Amino acid sequence: MAEGRVRSGIDTLKASPARVYDYLLGGKDNFEADRALVDRLAAVLPDVRRAARANRAFVGRAVAEAAAAGVTQFLDLGAGLPVKENVHEIARRRRPAASVVYVDHDPMVVSHARALLQADEGVTVIEADLRRPGALLSDTELARRIDFDRPVAVLLAACLHFVPDEDDPAGIVAAFTRDLAPGSRLVISHWSGGPDPVADAAARNAYRRAATAPLVDRDPAWIRALFAGFDLLGPGLADVLDWRAVPSGGGAGSSFRLLAGVGRRPG
Ligand SMILES: C[S@@+](CC[C@H](N)C(=O)[O-])C[C@H]1O[C@@H](n2cnc3c(N)ncnc32)[C@H](O)[C@@H]1O
């Protein structure tokens, strides 16, 4: 990708979580600053690329589970740059009329997603900051696409660890899920540190110095508590590598632990 300084609100000299993830997944929508951060991360957390791929595969399995259970509405918060298999493509294998709203605050995500995805009927891309749920939940485009009286799958995959404590991530999840109808899904994956606290600290420092957002690890109990008001589907809160995956020999011992869960609103 051609390098510049700031184009259309995109600062190419700072790493962005969306572009870093794109590079981790082998994509081309990234700049030198993003690649340099990945190199620093991989030096201390050698499994970080595998964890990114496993996270994306988890998103696919979670969306497929929701669609198989009859969910036809998907709200993908912190959606990221388009990938090979996007949420609407996975959902529509089971539910051809599924509505999908992609939300991100990264201008490059929004421009690429609008160009590539929004041509599809029933797919909407909204530029918004998930740290302001009130503003997003009163967005007229969201209201046009998502009927909150019917089940919705709310996805918060690999994005809450970019929300610092002072922005109250648990309160954000509660705001997005408070009024969800029975049968709705809450899909979350979140960095939970790894076996080496020194490596984790180096990863946090690398983000703090070079990226547009901090990287915050949280413990399993904190992540599990986000599912209050939901029944955690089997296998519960698990490593992304293990959440309903074909066993790969990964998971245990991984240097980069992403925990994942899917909750179902009972009733
Ligand atoms: C690592 S990517 C994950 C993409 C996708 N959810 C997945 O799991 O495959 C994190 C995404 O969250 C977005 N994000 C982070 N903080 C956000 C915020 N406050 N508001 C909206 N999007 C945010 C980033 O821009 C990025 O696209």
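The values are calculated or read from the model by the stated rules, or taken from the named source; none is laboratory data. Quick caveat, the model's predicted, so the values are computed rather than measured. Reconstructed Cβ throughout: ideal geometry from the backbone, glycine too, with neighbour counts over all protein chains shown. Each accessible area value is taken on the protein alone, full model and side chains, heavy atoms only, with ligands, DNA and RNA left out. Shrake-Rupley method; radii C 1.70, N 1.55, O 1.52, S 1.80 Å.
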Do the conditions hold for R224, that is, is it closer than 24 Å to T12 by Cβ, open to solvent by 70 Å² or more (accessible area, probe 1.4 Å) and free of Cβ contacts under 8 Å to residues at least 40 places away in the same chain? no
For the range 30-40, check the following and say yes or no: at least one residue is without any contact (Cβ under 8 Å) to a residue 60 or more places away in the chain, within 15 Å of the ligand (Cβ to nearest atom), surrounded by 18 or more Cβ atoms within 10 Å (Cβ to Cβ) and in a loop (DSSP other than H, G, I, E, B). yes
Please work out which one of (1) under 18 Å from the mean Cα position of the chain (by Cα); (2) over 20 Å from P17 (Cβ atoms); (3) open to solvent by less than 20 Å² (accessible area, probe 1.4 Å) is the condition A64 fails and give its number. (3)
In the range 165-197, the residues that are farther than 19 Å from L136 by Cβ and in contact (Cβ under 8 Å) with a residue 40 or more places away in the chain: D165, P182, G183, S189, H190, W191, S192, G193, G194, P195, D196
Does any residue in the range 43-55 that is farther than 15 Å from S192 by Cα and within 11 Å of the ligand (Cβ to nearest atom) come within less than 9 Å, Cβ to Cβ, of a residue that is open to solvent by less than 80 Å² (accessible area, probe 1.4 Å) and part of a helix (DSSP H, G or I) six or more places away or on a different chain, and which pairs are these? R53/L24
Hey, E121 away from the ligand (no atom under 14 Å from the Cβ) and open to solvent by less than 70 Å² (accessible area, probe 1.4 Å) or not: no
Before we move on, is F162 in contact (Cβ under 8 Å) with a residue 12 or more places away in the chain, near the ligand (Cβ under 9 Å from one of its atoms) and among the aromatic types (F, W, Y)? yes
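So that you can scan it fast, the table gives a plain yes or no per residue for (1) of a type in the set (G, A, S); (2) under 25 Å from S254 (Cβ atoms); (3) open to solvent by less than 60 Å² (accessible area, probe 1.4 Å):
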site	(1), (2), (3)
L142	no, no, yes
H190	no, yes, yes
V216	no, yes, yes
G229	yes, no, yes
Test of understanding: among H88, H105, which residue is at pLDDT 95 or above and either touching a Ser or Thr at 6+ places or on another chain (Cβ under 8 Å) or under 27 Å from R244 (Cα atoms) (or both)? H88
With the condition kept exactly as written, say whether any residue in the range 238-246 is surrounded by fewer than 22 Cβ atoms within 10 Å (Cβ to Cβ) and either over 20 Å from the mean Cα position of the chain (by Cα) or assigned to a helix (DSSP H, G or I) (or both). yes
